[in-house]
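Report on one structure; see the data block that follows.
The values are calculated or read from the model by the stated rules, or taken from the named source; none is laboratory data. The model shown is predicted, which means the values in this text are computed figures rather than measured ones. Here the Cβ is made from the backbone with ideal geometry for all residues, glycine too, and neighbour counts use every protein chain on show.
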Amino acid sequence: MYFQKRVISGFAIWAGFLFLSVGLLKVEAGMKEIEAGNQRVSAVEEKGEFTGFDFSVDGKVVAPIRLSSNNFITAGKVETKEESGRKTLVLSALKAKSNTGVKLGAEDYVSITLEQGELYPVVKFRITLSDFNEDKWKDGAGNCPFHFLTCSMQDADAWQMRGWTMATPKADPFPLLIDPHGGNDCEVASKFNRNWSYICPVGAHPVPLIGIWAPERKHYVGYLFQGARFLDHTEKYVATAYCWKEGKDSQFITLAYPYGGKLYQQLVLPKKGDTVSSWFHLIWSLDMPSTKDPNELVHNFIFEKYSAYLPGVPRINDMSFQPGECQKALRVFPQPGSPGIVYKIGPDGDAFSEPGGMYMGGWGWHRELPVEAAWKRGKAAIEKCKKDLEYLYPLAKKFTIGGDECITWEEPLEGKWKQGWDPDNRNVHNSDVWAAAIALVDLYRNEKDPGYLPWIDGLYNWTKHFVFTRNEFHDVPSSPFAIGCNLSCAFLLDYYFTFKYDPQRSQKARDAVDLARAILYRYMPIWPSDNDEADNLDSAFLLEPNSGRDWAGLACANEVHWVLDTITQVYVHTGDKKLNYYMKGILERWYLLYRDEYHRSVMEYPRSAFTEGLGLFDGSGPGRGGRYNFGCADILPFHYPIGKSLLRVTAGEKGAFACNKKGVHTYITDYRYTPDANFSFRVKSKLKEPFDVSITFPFYNITQKPVKIVRGDTQIELVKGEGYKLYATSPSSVYVMNVQDGDIVVVGDVDMKSPVISLEHGFEYKKPTQKELTEGGFEMLYLPVNTAVSLDWEDPSSFAGILPGRHYAFKVPYYIVPPEVSGGPIAVKDNCSFKEPVSGASRIFVVYSEEGSKPEISILLDDGKSVMLPEDAALAWKFWPPCFTRRLWMSSIAIPAGKKVTGVNVKDALLFAFTSWKGDDAGLKTVMECYTKAVEEGKKTRIAEKEMNEFKKQLENIPKGKIAILPPEATSVAATFAGKTGIMEKAKFINTNQLVGSGVFNARNYPVAFYFAGEEYVKTVREDEDGIEAIKRFLSGGGLLVLLPSGPYPMFYGSEKGQKAKTGDPLLPKIGIPMTCAFERPPGPLEMTFNRNQKIIKGLPDVIPFPETGDQRLRPIPPERVTGEAQVTSILTVENYGDAICYIEFKDGELKGGKILYVWSTLLTQEYGQTILNEVFKFVASQFK
C-alpha cells in the first residue's frame, strides 16, 4: 500500500522557505558551503560564475555535480539556507552559454539539502526553457541532448540505468561504441551520437535511478527518484543518460529533457516554454566493491525510507493462473538438463554465429543441478561433462584482479559471430562460464578430486570481480539480461553447501551466500511501485528482461521466469525479507503478462501465451499498455504445486516460501531449521480432506533424509513410496502425501526446540489506518463490504486477478478491501450505510463492476436526498487474460456544498472502492483533466464493445465446423478477435495428423483456413514435406488461406516431426509468393498507401504513417515478384517495399482456384487494426453466402 500524505513539488518546497519567519529560516547570500556532520557541499566557481557543487564526505569529493557538461549552464548566484536541522545550498540566476540558443527562466534553480541524521542529500531543480533554438543548440553545444546536473567519475567501469549495470567503454568499448546489432545500430547507445547512451524517461525506469560505479575504488554515486515517484509524481518525464565523451568532459551521468522518443534513441530537443522540475536523493557509497551491488543499497534505502508507501501483498499466492500447458508440464518435479557444457553450431550456422562456432550453455541448471542428478544415475551419465571440461581447460583465460587469481572463458570459444554482429567480438563477461563452475563443484563434491579445486577457486574469484555481463542471449550482445543471476547464484549457493565445512574455504562459503544475494539484486530490475498514477496500469513488482532499447519501459515474462526461481532460492537461503515480499507481489501480478491472445479458459492457453513486453510508459516498444504479440510462459516449478499436490514449499536455511493452487487455502507457519537441510513447518489449512505437499530444498540432496509428520501428540514415520515419494532426477525434492490441517511436516532430524524462523515480511495486506487512506486532498474509504466474489481462475466470468489494496487510476487513488483482511467480502452489493458520514467532500469517485444491463449507483446525502452517478465512466481495470470478461469502472460526481455522504445504494453493480476529494479546486482541476480524458476513452471502449456485439450478428451466417485453424498454435491478435466474435466456437483446430490427412483437411470440408501462429508452420509430420503438400492440396481445391500471424513472417520456420526448426525454410516462396525481409527498423519515416479500388477491405485512410509502435520488422509481399500464375490485389502498400496487405488468387497452375489473404502482423496492433479485422472477417463471412 502507498501511504502517508503527498508533498508538493521540489520547487514549491524551496520557494515556500522564503515565506517562513526569520526565526525559523536563516538565509545567507554569498555563502558557498554548507556542512552537516562529516558531509559538506561546496559551490564550484569558475571565472566568477558557479558551475555546480562538490559533495564531500570526510574531506573527499564523492560527487562532483555540475549544472551541465562543458559549462553549458552556469549560475550567477549562490546562497545557503538553514531551517529545522536542514541546510540547503541554492544555485540560482541560471543561464546558458550565449552560443547555445537557450534562455532559462528567472525562477530556475538547483539546490542540495543536507539533513541531520540523513545519509543521502536531496537535490531539487527547476529548469525552464524560456527560449530554445534547436539549430543554435546543435551548433553551440554539439550533437547531444539538452542535459543538466552531470556527475563524472573518470575511472568508472560501470554505469547504471533503470536498475541495469552496464559497462563503460573503459571496461568494455563494445556495448556503447561498437555494437552493430545486426546492422540495426545498437541497443544501449543513442542513434545520434555513439558517445551517448539512450535517453530514457524516469517513468520508464523500474528502479528510477541513474548511477556510475568504480568498484576498484569502491566508489558509487547515483540519482534516485523513488521519493518523487511516491510523493509528488514529478519525475516521470525527466530523462537520464550516460555519456562517454562530450567536448572537454567525459565519463558522466546526467539528467536530460526530453526523452529520446520511440525506443529512447533519438535526439529529441525541448521546445520553447518547456519546464522540468523534480528532485532526487543523491545516493552514494565509498564501500561498494564488486562483491556488493548498488541495487541492493538502493532497495535497502527504499525499504528504510519509504516502507509506508510500498504496496501490500497477499500472505500466499494462488498459482492457478498458470497456462494449462504449464500446469500439465508440472506433473513431476522439473527434470534436469543434460550435464553437457559445450555445444557446436551446425554446418548452416545460426542467426548470429558462423558454422562451427563453439559455445557454452547451461540454462535451466539452476533448477536441479544436472551433474548431481546424473551422478546418481551412474558415472556413464557424466562422461560428456568431463569430456567438455577437458576441452575447456586449455581455453581458459587466467588473470589476476585485486590479488585474486581468476579463471573464466571467452565466447565464442571457437569461431566467429556473423557479419553484422562484429565477428571479432570476444567476451569474457558472459554468464555461460558458471555452467562449467557448477559442474566442477558437483564433480568435486562427489569425487573429492583435488584437481578440481584450482579451477573452482579461480571461477569463484572471477565471480567476485566480474561486475557486469552481456550477451546472455546472442541477439542482444551489448546488454545484460536478468537471467545473468541464474547460473552465477546457483554456483555460489552450490559452492556454499559444498565447502561450508572445508577448513580452507569455509569463510569463502559464507561469503558466497552474501555474494549470491548481491548478484541477484544486480539482475533484478523490478518496479517497487506503480510508475504512473495518471494511467490505469500498475507496474509494481513486474520486471524488465534486459537493458536493451526494445525492452526498456516494459515488463516481460519470457526468460524472466527463471529469475523468479532464483529470487526464491536466494530468499530461502539468506532470509532477505525484501525478496520474500517482492516474490509475493510478482506472483500476484504475473498473470498481467499474458499476451492479448484468446482461449476459452486458462487451461486452454499454451506455454507460449505470455508476452515479451507489456508497455508501461511512453516510448516503450509496445507502447503504453500495449503487448508484444510474441513471447512465452514457463512452468515456475518452485511455485506451482507439483502433480496432485495443492501446496508447494521451497525450504532453505533462513526461510521458506509456499504457494497454493485451486484457490488460497493453506499456509505454513512455525518454520524451523537444523543444519544441514533438516527442516519442519506446520500446515494451516481450510481444506477438509488430506492433500499432498511438494517440497524442495535447493542445492542439497535430501533423498537420504527421513520424512515424518507430527499429528497432534503423535509422530508418524513415513514410508518411502507410501507416505512420500522421491525422484532420482530430483535429488533436492520430496513429495509428501496425505497431509492434514495442523500437521507438522518434518524432513530430516530437526531440533524442535530451535527458534521459529519468521516467514513474515511486514507488508502483508492489513487494515489501513485513516491516515494511511489519506493522500493530499483525497480520502479513501474502507468500505463496509458485504459481498464476496469468485476468484476462481478456472471461471473466466470470475474476478480472479483482482488486486486489493491501494491503486491509482487517472490520478485518483482508490482502495479495495483485501478478502484476507475482511474474511472474504470485497465489495458492496445492494446498499450500505457508512459508519461515519463523509463530510467536506466536493466530489467523489467510485470503482464498480457492472452486474446487470442497467447499473445504478446512488450517493446518499445527509438531507435524505441522493445523487445518481452518471453512466459515463472510465475503465479503471481490465481483467486478464482476454477470456476474462470483468471490468472495473470509475465514475465521479460532484457533491453539493455542505452536504455529507451517508451511504450508497447499488443496483445491478458491485461497488469496490469509494474515494472523496476534500482539497481545493486548483488541486482537483488537474485530476479532472486526466479523469475526463479517461472517460472519453471509456466511451470509446463501450462503443467498441457495442459494435463488437453487433458485428457478431454479421458473422452468424458462418456455419459451424467449416473453418479450420491451422497448427501449430493460435497466438495472434486476430485469434483473440475470433474468440470474442464467436468464430473460435465455430472453428475446428486442426492437429498435425489431421493436417496431412487428405480426408480431413481439404477445401471441401473447410473452405477457409486461418493461420494465427507466429512464424512457425508444420513442414513434416510423417513423410518429407507432407505439411507443405497439405497446404497446396487445400489451395488447389479452391480454399481460402487467411494469414493473420502474430509474428512478422508467417510460415517461416518449418517444424519436422514435432521438432521446432532452428533455421528458416519459408513456405510461401515454395508456392510462388516471395516475401521479403525488408528491414528490422524503418530507415526513416515511411507511408503506406491504401488501395480504394478493391472491395475486400474498406474504411482505411488513403495514406497511413508506418507504425511507430509494435514490432517494426516489415515482411511485405512484392506483387511484381509473385508467380505469373497468380493475380495480386494490393490493398496496403509500403512505398516501394511491397504489400503489407494483399489478396492473391491463383488463376492457373496446380494451385488454380486457391486464394490467400495476407495481413502483416503489426498492423493488427495499431489503432486501425480493429477496422482491418472487421473487414477481413466480413470478407470471410462472404465466402459462405
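Considering only residues that are over 17 Å from I1156 (Cα atoms) and in contact with an Asp or Glu (Cβ under 7 Å, 6 or more places away or on another chain), which ones fall in region 1093-1103?
Passing the criteria: K1098, G1099, V1103.
Of the numbered conditions (1) farther than 30 Å from Q160 by Cα; (2) out of contact with any strand residue (DSSP E or B) (no Cβ under 6 Å at 6 or more places or on another chain); (3) not hydroxyl-bearing (S, T, Y), H299 satisfies every one except a single condition; which is it?
It is condition (1) that H299 fails.
Output the residue which, of all residues in region 568-577 that are surrounded by fewer than 24 Cβ atoms within 10 Å (Cβ to Cβ) and touching a helix residue (DSSP H, G or I) at 6+ places or on another chain (Cβ under 9 Å), is farthest from D532 (Cα to Cα).
Ranking the candidates gives T574 first.
Against the condition farther than 30 Å from L224 by Cβ, modelled with pLDDT of 90 or more and in contact with a Lys or Arg (Cβ under 6 Å, 6 or more places away or on another chain), how does M360 come out, does it pass?
Taking the combined requirement at face value, the residue does not satisfy it.
For M1088, work out the one condition from (1) closer than 17 Å to I1117 by Cα; (2) touching a residue at least 24 places away in the same chain (Cβ under 8 Å); (3) of a type outside the set (D, E); (4) part of a loop (DSSP other than H, G, I, E, B) it doesn't fulfil.
Unmet for M1088, out of (1) closer than 17 Å to I1117 by Cα; (2) touching a residue at least 24 places away in the same chain (Cβ under 8 Å); (3) of a type outside the set (D, E); (4) part of a loop (DSSP other than H, G, I, E, B): (4).
What pairs come up if the first residue lies in region 82-103 and is over 14 Å from V123 (Cβ atoms), the second is among the basic types (K, R) and outside any strand (DSSP E or B), and their beta carbons are under 9 Å apart, counting only those six or more places apart or on different chains?
N99/K136; T100/K136; G101/K136; G101/K138; V102/K136; K103/K272
For region 874-922, which residues satisfy the criterion of being out of contact with any Asp or Glu (no Cβ under 6 Å at 6 or more places or on another chain), of a type in the set (S, T, Y) and at pLDDT 95 or above?
S891, S892, T915
If a residue counts only when it is farther than 30 Å from G548 by Cβ, which strands (runs of 3 or more DSSP E) contained entirely in region 51-170 have at least 1 such residues?
Per the criteria, 60-66, 73-83, 86-96, 102-104, 109-115, 122-132.
It is to be established whether one or more residues within region 751-760 are surrounded by 20 or more Cβ atoms within 10 Å (Cβ to Cβ), in the same structural domain as A656 (by TED's automatic domain parsing) and either in contact with a strand residue (DSSP E or B) (Cβ under 7 Å, 6 or more places away or on another chain) or not in a helix (DSSP H, G or I) (or both).
Checking region 751-760: at least one residue is surrounded by 20 or more Cβ atoms within 10 Å (Cβ to Cβ), in the same structural domain as A656 (by TED's automatic domain parsing) and either in contact with a strand residue (DSSP E or B) (Cβ under 7 Å, 6 or more places away or on another chain) or not in a helix (DSSP H, G or I) (or both).
Could you please give the count of residues in region 1139-1185 that are closer than 16 Å to R1121 by Cα and under 35 Å from the mean Cα position of the chain (by Cα)?
Qualifying residue count for the region: 4.
Without any contact (Cβ under 8 Å) to a residue 24 or more places away in the chain and within 28 Å of G626 (Cβ to Cβ): is that true of K946 in this structure?
When the stated conditions are applied, K946 passes them.
Of all the residues that make up region 873-904, how many are over 30 Å from A975 (Cα atoms) and either within 40 Å of the chain's Cα centre (by Cα) or surrounded by 15 or more Cβ atoms within 10 Å (Cβ to Cβ) (or both)?
11
Please tell me if D550 is within 14 Å of F638 (Cβ to Cβ), in a helix (DSSP H, G or I) and not β-branched (V, I, T).
no
Would you point out the residue of region 366-398, among those that are modelled with pLDDT of 95 or more and among the hydrophobic types (A, V, I, L, M, F, W, C), that is surrounded by the most Cβ atoms within 10 Å (Cβ to Cβ)?
Within region 366-398, the match that is surrounded by the most Cβ atoms within 10 Å (Cβ to Cβ) is L392.
Look through region 775-822, keep the residues that are on the phi > 0 side of the Ramachandran plot and assigned to a loop (DSSP other than H, G, I, E, B), and return whichever of them is modelled with the lowest pLDDT.
G776
Of all residues in region 438-468, count the ones that are over 29 Å from the mean Cα position of the chain (by Cα), of a type in the set (A, V, I, L, M) and buried (at least 19 other Cβ atoms within 10 Å of the Cβ).
Counting residues in region 438-468 that are over 29 Å from the mean Cα position of the chain (by Cα), of a type in the set (A, V, I, L, M) and buried (at least 19 other Cβ atoms within 10 Å of the Cβ) gives 6.
Here's the yes/no breakdown for (1) part of a strand (DSSP E or B); (2) out of contact with any Gly (no Cβ under 6 Å at 6 or more places or on another chain); (3) among the aliphatic types (A, V, I, L, M); (4) within 13 Å of F912 (Cβ to Cβ):
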site	(1), (2), (3), (4)
V847	yes, yes, yes, yes
S858	yes, yes, no, no
D863	no, yes, no, no
P882	no, yes, no, no
T885	no, yes, no, no
S891	yes, yes, no, yes
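Any idea which of (1) within 30 Å of D514 (Cβ to Cβ); (2) among the hydroxyl-bearing types (S, T, Y); (3) not in a loop (DSSP other than H, G, I, E, B) is the one S290 doesn't satisfy?
Here S290 clears every test but (3).
Take region 783-808 and flag every residue that is surrounded by fewer than 19 Cβ atoms within 10 Å (Cβ to Cβ) and in contact with a strand residue (DSSP E or B) (Cβ under 9 Å, 6 or more places away or on another chain).
Matches in region 783-808: P784, N786, T787, A788, L791.
Sort out which residues of region 403-430 are at pLDDT 95 or above and more than 25 Å from G340 (Cβ to Cβ), and write them in order of number.
Hits for region 403-430 are G403, D404, E405.
Just to be sure I understand, how many residues within region 684-717 are out of contact with any Phe, Trp or Tyr (no Cβ under 8 Å at 6 or more places or on another chain) and of a type in the set (V, I, T)?
Total meeting the criteria: 6.
What number of residues within region 587-600 satisfy the criterion of being modelled with pLDDT of 95 or more and either within 29 Å of F989 (Cα to Cα) or surrounded by fewer than 24 Cβ atoms within 10 Å (Cβ to Cβ) (or both)?
Selection size over region 587-600: 7.
Given (1) within 22 Å of I210 (Cβ to Cβ); (2) modelled with pLDDT of 95 or more, identify the lone condition not met by N580.
(1)
Which of the residues that make up region 730-740 are surrounded by 17 or more Cβ atoms within 10 Å (Cβ to Cβ) and outside any strand (DSSP E or B)?
Matches in region 730-740: S730, P731, S732.
Restrict the check to region 846-859 and report whether at least one residue is of a type in the set (V, I, T), at pLDDT below 95 and not assigned by TED's automatic domain parsing to the domain that holds A557.
Among the residues of region 846-859, not one is of a type in the set (V, I, T), at pLDDT below 95 and not assigned by TED's automatic domain parsing to the domain that holds A557, which makes the answer no.
Working only within region 761-782, note down all residues that are surrounded by fewer than 16 Cβ atoms within 10 Å (Cβ to Cβ) and either over 24 Å from L924 (Cβ atoms) or in contact (Cβ under 8 Å) with a residue 40 or more places away in the chain (or both).
G762, K766, K767, T769, K771
Scan region 1024-1047 residue by residue and report those that are within 32 Å of the chain's Cα centre (by Cα) and modelled with pLDDT of 95 or more.
L1043, L1044, P1045
Among strands (runs of 3 or more DSSP E) lying entirely in region 606-678, which contain 3 or more residues that are in contact with a helix residue (DSSP H, G or I) (Cβ under 8 Å, 6 or more places away or on another chain) and over 30 Å from A239 (Cα atoms)?
647-651, 656-660
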